[in-house]
Amino acid sequence: MFAALAAAMLVGALLCTVLGSVSIAPGKVAEILLGGGSGAERNILTQIRLPRMCMTVLLGGALAVSGYLLQTFFGNPIAGPYVLGISSGAKLAVCAALLFVAGGERQSSGLLMILAAFAGALVTTGAIVLLSHRVRHMASLLAAGIMVGYICNAVTDFLVTFAEDAQIVNLRGWSQGTFSGMAWGDVAAAAVIVTAAMVLTVLCSKPIGAFELGEAYAASMGVDVKRYRVILILLSSLLSACVTAFAGPVSFVGIAVPFLMRKLLRSSRPPVMVPACFLSGAVFCLYSDLIARMAFAPTELGISTVTSLLGAPVVIYMLAVRKR
């Protein structure tokens, strides 16, 4: 399975690199990277397609792992990165920053978007952590997170309603999710954040595995349940906020991918699921981004449009299976 995922990721990465409005022969990629080819081809490959492909891999993997952590936290396979309202809080902060600070100019305010997303995620996470100390039942905490998300989305819609037309145009593409416009500086920043979060997730594999069997079992194994509840939320929020900051909201990846990996691997063990979710999330987003770019070229679809079409049937099937 891991070999198949790695092969699919390599094929998807190659397709995303060579296909586009200007096609580049696969055999010419190495030549261009070594300094050959025309200046236009080098610019397209090294400054547009390769950064976009790298960000798609990083953020797709981060989103899937974020969903796996939340599903472990709640013991519920339909819990996703947006269920606690963390991504909605990040989206609200980014929207406010774009409208009131950057004047809607997304391309000129990359650092502002990153800072705003993490600030919004941090505030929302703090609210959820405070609620977790007062709400003992996971279902109640889940409902509280959903309500926080609704509030953040309502405030975001309110801000967009009264924004100027030019600001709405620039904001609309980001709000639908997109991997376009990435630069190597964005890739470096995302790589640092995602790598740090992934290392911490791997180090917490044993407590996460205990959580898979319930909080009572985890406590009996000597796991500090309250402490690791907070750690799981923080790691998930860090990963999902990173995605929101760079690519906007991307739906269904965090729910569908972990579910599919559990079914295919017949395992929920963190040492297996964490790398599997990262690889499969990267593959899912690579091919989704390819469809978004090429299906109606030169018009580009929002990435969430494609991930919703591909991921929603998986969630419907999941609910039908659970009901049966």
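Read the figures in this text as sums done on the coordinates, not as results from a lab. Computed from a prediction, not measured in an experiment: that's the story for all the values here. Reconstructed Cβ throughout: ideal geometry from the backbone, glycine too, with neighbour counts over all protein chains shown.
Of the listed values (1) 65, 36, 34; (2) 66, 41, 41; (3) 64, 50, 37, grab the one calculated as Cα extents along the principal axes in Å from the structure here.
Correct label is (3).
How far is the Cα center of segment 208-247 from the Cα center of segment 8-44, in Å?
40
Which FRET efficiency, nearest 0.05, do LEU14 and LEU310 yield, Cβ-Cβ r, R0 22 Å?
Computed FRET efficiency for LEU14 and LEU310: 0.60.
Per the helix-only calculation at 222 nm, which mean residue ellipticity applies to the chain, given -39500 (n - 2.57) for every DSSP H run of n ≥ 4 and division by its residues, nearest 500 deg cm²/dmol?
Roughly -25000 deg cm²/dmol at 222 nm, from the helical runs in the chain.
Modelled label-to-label distance, GLU300 and ASN43, 7 Å Cα→beta-carbon offset: nm?
Using points 7 Å along Cα→Cβ, the separation is 1.6 nm.
Evaluate the distance, in nm, between pseudo-label points positioned 7 Å from the Cα of ASN76 and of ALA188 along their respective Cα→Cβ axes.
4.2
Rounded, prolate or oblate for segment 226-268? Axes are the square roots of the Cα gyration tensor eigenvalues, ordered a ≥ b ≥ c, and the cut-off for rounded is a/c under 1.5.
Values: a/c = 3.59, a/b = 1.17, b/c = 3.08.
The shape class here is oblate.
Return LEU70, LEU213 ranked ascending by Cβ neighbour count within 10 Å, so the fewest neighbours appear first.
Taking fewest neighbouring Cβ atoms as first place, the list is LEU213, LEU70.
Hand me the tally of lysine pairs in segment 2-323: alpha carbons under 29 angstrom apart, and the pair either on different chains or 8 or more positions apart.
Lysine pairs meeting the criterion: 4.
Mind giving me the FRET efficiency for LEU34 and ARG227? R0 is 51 Å, r the Cβ-Cβ distance, nearest 0.05 is fine.
0.50
Compute the Cα gyration tensor for segment 187-324, then decide on rounded, prolate or oblate, letting a ≥ b ≥ c be the square roots of its eigenvalues: rounded whenever a/c is under 1.5, prolate when a/b is larger than b/c in the other cases, and oblate in all that remain.
Note, shape of segment 187-324 comes out oblate.
Note the full-extension length gain between SER267 and GLU212 as 0.36 nm times their separation in residues minus their Cα-Cα distance, in nm to one decimal.
Values: separation 55, 0.36 × 55 = 19.80 nm, distance 1.08 nm.
That pair, SER267 and GLU212, stretches by 18.7 nm at full extension.
Tilt of helix 253-265 relative to the longest C-alpha principal axis of the chain, in degrees (0 to 90, nearest 10)?
70
In whole Hz and in residue order, list the ³J(HN,Hα) couplings for segment 12-22 that follow from phi through the Karplus curve 6.51 cos²θ - 1.76 cosθ + 1.60, θ = phi - 60°; x for Gly and Pro.
Each residue of segment 12-22 in turn: x, 4, 5, 4, 5, 7, 9, 8, x, 4, 10 Hz.
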